[in-house]
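Q: My questions all concern the structure below.
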Amino acid sequence: MILVTGGAGFIGANFVLDWLAQASETVINLDALTYAGNRENLASLDGDQRHLFVQGDIGDSALVADLLARHQPRAIINFAAESHVDRSIHGPEDFIQTNIVGTFRLLETLRGYWSNLQDEAKQNFRFLHVSTDEVYGSLTKDAPAFTETHRYEPNSPYSASKAASDHLVRAYYHTYGLPVLTTNCSNNYGPYHFPEKLIPLMIVNALAGKSLPVYGDGQQIRDWLYVKDHCSAIRRVLEAGTVGEVYNIGGWNEKPNIDIVHTVCALLDELRARTDGHSYREQITYVTDRPGHDRRYAIDASKIERELDWKPAETFDTGIRKTVHWYLENQDWVANVQSGAYREWLEKNYTGRSA
Ligand code: NAD
Ligand code: DAU
């Protein structure tokens, strides 16, 4: 079996669902169920014996040691993290605790377990750390895309905490020989994406008749990958990646934010037109920029394509259409995630952000 951390969040839940749709190997899913973790994402697995959900913290060494000793997984895939840049700006503490201290404790607990494994199990074990392209910092307009050897230049508390976790993972390989793999991926989108992030926020706000808040001039560039393609890349790295190596994962889909918002509006105009016949575009509002906002990310995914023969299955056009359909068809899910805490977050982040 495998142990997945953070498997009730956006990417983790997609990973667990895809894994169990394709393999019979059991998944232990360790998730603290923070505001971003949602059991409803995994509702289709209710009663499935191959999914063992455990609510808990990656930093709880006793709990993790017990899970490892009892279930003897052959791999850990570490998704657990605080993941939202804006939240890291309002309050970095949780990011330091989970992304740095939590990852450190997880590695340390794993070291104790792994060092006592017998030869073959020890050799075959893998710790796959899921990280982000944001650790590389910001690119100028014409600079080449991030390769795996690009210098680390994190600019937000979130990306700094992820960078620190990447360094710890690297150090545990070089110092203790822990069999690690690290992936650095670009912006994901797709089903179960919590509507604090750009694409789901725009869909949810548009349908609710609210404004669509575009930070700054909307010309910041991100490289977008459909979440299921990220999941397939992780499965491939786990299966065939070289221990100690880093793999950048991306969709070769660089787009300015304002283009993303226009695309979402056009799809909603087509699939769920406003009753007044106007375009959702009229709801766009330019608001005060994110402090320290990185201008451009771009992933050079040649290494994973060349060495592991991985390629994304979706283009941006097919992936974004599927995504908008999913939100239209899952309005109950959308309603259920809009708790009081979610509304408080919107107020904290958007009130007073002058147009
Ligand atoms: P998310 O915020 O949707 O989910 C994170 C999950 O981790 C939640 O279920 C949460 O409950 C859980 N969690 C948080 N702290 C925990 C702790 N201490 N112990 C156990 N569980 C804990 O995040 P996501 O967007 O699914 O991202 C998953 C991973 O992928 C993160 O490591 C993130 O840095 C990385 N990543 C995300 C993207 C993206 O575009 N979303 C891109 C590249 C990399
Ligand atoms: O690049 C990978 C990263 O992508 C992941 O590591 C992070 O976990 C993930 O959250 C994401 O980070 P971003 O900051 O790029 O994602 P977000 O959806 O928050 O913002 C995308 C872009 O849209 C960014 O330039 C900021 C802008 N934005 C965002 C929001 C929420 C807006 O213009 N308005 C908004 O309301």
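The values are calculated or read from the model by the stated rules, or taken from the named source; none is laboratory data. None of the values given here were measured: they were computed from a predicted structure. FYI the Cβ positions are ideal-geometry reconstructions off the backbone, even for glycines, and counts take in every protein chain you see.
Q: What number of residues within segment 79-96 are of a type in the set (S, T, N, Q) and either on the phi > 0 side of the Ramachandran plot or near ligand 1 (Cβ under 7 Å from one of its atoms) (or both)?
A: Final tally of qualifying residues: 1.
Q: Another one. So which residues in segment 167-197 are under 26 Å from residue 221 (Cα atoms) and surrounded by 22 or more Cβ atoms within 10 Å (Cβ to Cβ), if there are any at all?
A: Listed by number, the residues that qualify are 182, 183, 184, 185, 186, 187, 188, 189, 190, 192, 193.
Q: Among the candidates 161, 165, 156, single out the residue that is among the polar types (S, T, N, Q) and touching a Pro at 6+ places or on another chain (Cβ under 8 Å).
A: 161
Q: Which members of segment 322-349 meet the condition of being buried (at least 16 other Cβ atoms within 10 Å of the Cβ) and either of a type in the set (S, T, N, Q) or at pLDDT below 95 (or both)?
A: Across segment 322-349, the qualifying residues are 323, 349.
Q: Further, regarding this structure: Taking segment 133-152 as the search range and keeping residues that are among the acidic types (Asp, Glu) and within 14 Å of ligand 2 (Cβ to nearest atom), which one is nearest to residue 291 (Cα to Cα)?
A: Only one residue fits best here, namely 134.
Q: From the set of residues in segment 33-62 that are of a type in the set (Gly, Ala, Ser) and within 23 Å of residue 187 (Cα to Cα), which is nearest to ligand 2 (Cβ to nearest atom)?
A: 36
Q: Related question: Restricting to segment 15-30, give me the number of residues that are touching a helix residue (DSSP H, G or I) at 6+ places or on another chain (Cβ under 7 Å) and either assigned to a loop (DSSP other than H, G, I, E, B) or near ligand 1 (Cβ under 8 Å from one of its atoms) (or both).
A: 1
Q: Answer yes or no as to whether residue 121 is over 29 Å from residue 349 (Cβ atoms), in a helix (DSSP H, G or I) and touching a Lys or Arg at 6+ places or on another chain (Cβ under 9 Å). Break it down into steps so the answer makes sense when it comes.
A: Numbers: over 29 Å from residue 349 (Cβ atoms): yes; in a helix (DSSP H, G or I): yes; touching a Lys or Arg at 6+ places or on another chain (Cβ under 9 Å): yes.
Answer is yes for this residue.
Q: Another question about this same structure. Of the conditions (1) in a strand (DSSP E or B); (2) out of contact with any Gly (no Cβ under 6 Å at 6 or more places or on another chain), residue 223 clears all except one; give me its number.
A: (2)
Q: Another question about this same structure. Inside segment 305-355, can you point out the residues that are hydrophobic (A, V, I, L, M, F, W, C), over 21 Å from the mean Cα position of the chain (by Cα) and within 15 Å of ligand 2 (Cβ to nearest atom)?
A: Selection gives 355 alone.
Q: Hey, among the residues in segment 203-228 that are within 18 Å of the chain's Cα centre (by Cα) and within 11 Å of ligand 2 (Cβ to nearest atom), which one's surrounded by the fewest Cβ atoms within 10 Å (Cβ to Cβ)?
A: Restricting attention to segment 203-228, the residues satisfying the condition of being within 18 Å of the chain's Cα centre (by Cα) are 221-228.
Pick out the ones that are also within 11 Å of ligand 2 (Cβ to nearest atom) and you get 221-225.
Working: 221: 18, 222: 22, 223: 26, 224: 23, 225: 27.
By that ranking, first place goes to 221.
Q: Sticking with this one: Looking at 277, 352, 292, 319, which one is surrounded by 11 or more Cβ atoms within 10 Å (Cβ to Cβ) and outside any helix (DSSP H, G or I)?
A: Residue meeting the stated conditions: 292.
Q: Has segment 166-189 got any residue that is among the basic types (Lys, Arg), out of contact with any His (no Cβ under 6 Å at 6 or more places or on another chain) and part of a loop (DSSP other than H, G, I, E, B)?
A: Checked segment 166-189: no residue is among the basic types (Lys, Arg), out of contact with any His (no Cβ under 6 Å at 6 or more places or on another chain) and part of a loop (DSSP other than H, G, I, E, B).
Q: Does any residue in segment 161-183 that is among the hydroxyl-bearing types (Ser, Thr, Tyr) come within less than 7 Å, Cβ to Cβ, of a residue that is more than 15 Å from ligand 1 (Cβ to nearest atom) six or more places away or on a different chain, and which pairs are these?
A: 172/111; 172/178; 173/244; 176/111
Q: Show the residue pairs meeting these rules: Cβ distance below 6 Å; 6+ apart or different chains; first residue within segment 328-355 and within 16 Å of ligand 1 (Cβ to nearest atom); second residue of a type in the set (Phe, Trp, Tyr).
A: 341/35
Q: Give the number of residues within segment 295-310 that are closer than 19 Å to residue 85 by Cα and crowded, with 17+ Cβ neighbours inside 10 Å. Lay out the reasoning, then the answer.
A: Looking only at segment 295-310, we keep the residues that are closer than 19 Å to residue 85 by Cα, and these are 295-299.
Add one more test, that the residue is crowded, with 17+ Cβ neighbours inside 10 Å, and what stays is 296-299.
So the count comes out to 4.
Q: Checking the structure you have, find out if any residue of segment 138-157 is within 13 Å of ligand 1 (Cβ to nearest atom), assigned to a helix (DSSP H, G or I) and in contact (Cβ under 8 Å) with a residue 12 or more places away in the chain.
A: yes
Q: Shifting gears a bit: Just need a number here: residues in segment 185-197 that are touching a strand residue (DSSP E or B) at 6+ places or on another chain (Cβ under 8 Å) and either hydrophobic (A, V, I, L, M, F, W, C) or more than 16 Å from ligand 1 (Cβ to nearest atom) (or both).
A: Selection size over segment 185-197: 1.
Q: Another question, if that's okay. Note down all Cβ pairs under 9 Å where the first residue falls in segment 73-92 and is of a type in the set (Lys, Arg), the second is in a helix (DSSP H, G or I) and within 12 Å of ligand 2 (Cβ to nearest atom), and they're at least six residues apart or on different chains.
A: Going by the 9 Å Cβ cut-off, the qualifying pairs are 87/95; 87/158; 87/345; 87/349.
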